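First comes the structure, then the notes that go with it.
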Amino acid sequence: MSRWILHVDMNNFYASVECMFNPALKDVPMVVGGDEQARHGIVLSKNEIAKTRYGIQTGEVLWKVRQRCPHILVVQPDMEKYLKISRMAMEIYGEYSDRVESFGLDEAWIDTTHFGKKDSVHVADALREKIRKELGVTASVGVSFNKIFAKLGSDMKKPDATTVLSEENYRNLVWPQPVSSLLFVGRATEKRLSRLGIETIGDLACYEKALLRTSLGKWGEILWSYANGLDCTPVAPKDIHDQIKSIGNSTTTPRDLRCEDDVKLVLYRLADQVAGRLRANGLCGSTICLSVRDCMLHTFERQCRVHYPTQLSGEIALAAFSLFRKNYNWQHPVRSVGIRITDFEENPNVQLDLFGCAYRRDRTIKLETTLDKIRNRFGNQILYRASMMTAPEITDIALHQEYTRTGI
Ligand SMILES: [Mg+2]
C-alpha cells in the first residue's frame, strides 16, 4: 500500500517569528544574524523583503550584506522564542498523526497514510492555514509517498504553498531538478556525481546502479533509490523526537582571552545561562563538554562526568574550568568557548551524605531557581555575578544557544 507523508517547512523561520512578535519588521529589510562587532556575523534567516528585493541568502556574511543593503536591520537570534513556536507547531502536527518526526526547529515529517492521498492534501492545506493563523508564520508543505520527495516538495513552492509529488507525476516534476536539491546530497557528493555526468535527479535515477556502487559505494546505491522514489524509511513516532539531547551555550568574545581569569569569567557567564535553561526544562545533566577555539582557529572539545547530575551553574562552571586548565597549553590566546551538557535525568536521586552536602546543594538549587524567576520577570541582565563587573568587555556578550535533539 502506498504511504502518504507530509513534510512541513516553516518559511524563513527565525525572521518570520521575529516579524510575528514585531510586525513593523515586516516592512523593512531585516535579517536575524550574529553580532557583527563580536565577529560571528552571518545571516541565519531573512525576511521576505531582504530575500526578494536584495537577494540576501542564509549563510551570507553580514558585512557583505551591508555593502548591498546599508540600512539592513540585524536582529539578534532568540532561540528560546523559536523553540517555543517550534513546540507549538509540533503540537498542531500531533493533532493529525502520532507519527511526527522533527527535522531541525522549523521542519517535520508527518505520516498521514491513514488519511489516503486526497485527504492528505487537504490536511496539508489545513495545516498551512492553522500555522498561519495560530502561529503567525507561513509554511510550505510537500506531500509524497516517501520522506525524501516530501522534503523536496516543500522546497519547490514557497512561501505558503502545497506541492504534491505522486507516483504519477514525480518523473515530470522531480527528475528535472538539480541533483543537489535531493536531501543529503552535499557539495562533495554533487561534485562526484557531476564527474559521472549526473546533473539532475533524473540522470541519477537512470544511471546504472552497479556503476554508482563502484564509484560511491553503498551510498551511491542509496542515492539511486532516493532518486527513483524507493526511500522507505519510516516517520518516527512523535514522542521519541521531542526529547532534548543536549543544551549548550557558546560565545566568541569581542576580544581574545589572554589568561585563566578571563576564561573563568566567560565560563561562569556561559554556565549561568546553561544552568538556567536546564532548570527551565526540568533537566539535570551528568556530562559537561567544553569546547575551545584559539585565535589560530584550532578547536578542541573535552568532556567529563560530574559526581551528581547537575543543573547548578557553579558546579558546571567549575567542571568546565578544570577541563580547561587540564587541557589548554596557552600557545595562543582563546577566541571562543562553549559549554554543553548531556546525559540528562529528569528527577535524579541524589544520595544523602554524611556531611550535609546534599542539604547545601538543595539550598543552592533554591537560590538559583529564585534567580531564574527574577531574571524571567525583569530580564537577563538584571542580576549577575559581581565578578562579571571586573571585565564587562568580555562578559557583556551575546551567547549562542544550542540545542540538539534525539533523532536525525
Ligand atoms: Mg524553513
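Coordinate-derived values only; no laboratory data. These numbers come from a predicted model, not from an experiment. For neighbour counting, all protein chains shown are included, and Cβ atoms are generated from backbone atoms with ideal geometry for every residue, glycine included.
Working from Cα positions, state the angle (0 to 90°, nearest 10) between the long axis of helix 116-130 and the longest principal axis of the chain. So the helix axis and the longest Cα principal axis differ by about 40 degrees. For Leu44, the amide hydrogen comes within under 5 Å of the amide hydrogens of Val32, Gly33, Gly34, Gly59, counting only partners 5 or more places away or on other chains and with H modelled in the peptide plane. Round to the nearest 10 and give me the degree value, 0 to 90, for the angle of helix 357-378's Cα axis relative to the longest principal axis of the chain. It works out to around 60 degrees.
In percent, what relative contact order does the chain have, based on Cα pairs under 8 Å that are 6 or more apart in sequence? The value is 15 percent.
Using a Gaussian network model of the chain with C-alpha springs under 10 Å, which one of Phe145, Phe103, Phe21 is most mobile by mean-square fluctuation? Looking only at Phe145, Phe103, Phe21, the biggest GNM fluctuation is shown by Phe21. Taken as Cα centroids, the stretch 47-116 and the stretch 193-268 sit 18 Å apart, rounded to the nearest whole angstrom.
GNM on the chain, alpha-carbon springs under 10 angstrom: the most fluctuating residue among Asp111, Asp203, Asp362 is Asp362. Between Val28, Val123, Val43, the Gaussian network model of the chain with springs among Cα atoms under 10 angstrom shows the greatest mean-square fluctuation at Val28.
Sorted by packing (mean other beta-carbon atoms within 10 Å per residue), highest first, where do 269-281, 163-175 land?
269-281, 163-175
Per residue of the chain, the DSSP helices (runs of n ≥ 4 H) give a summed -39500 (n - 2.57) that works out to -12000 deg cm²/dmol at 222 nm.
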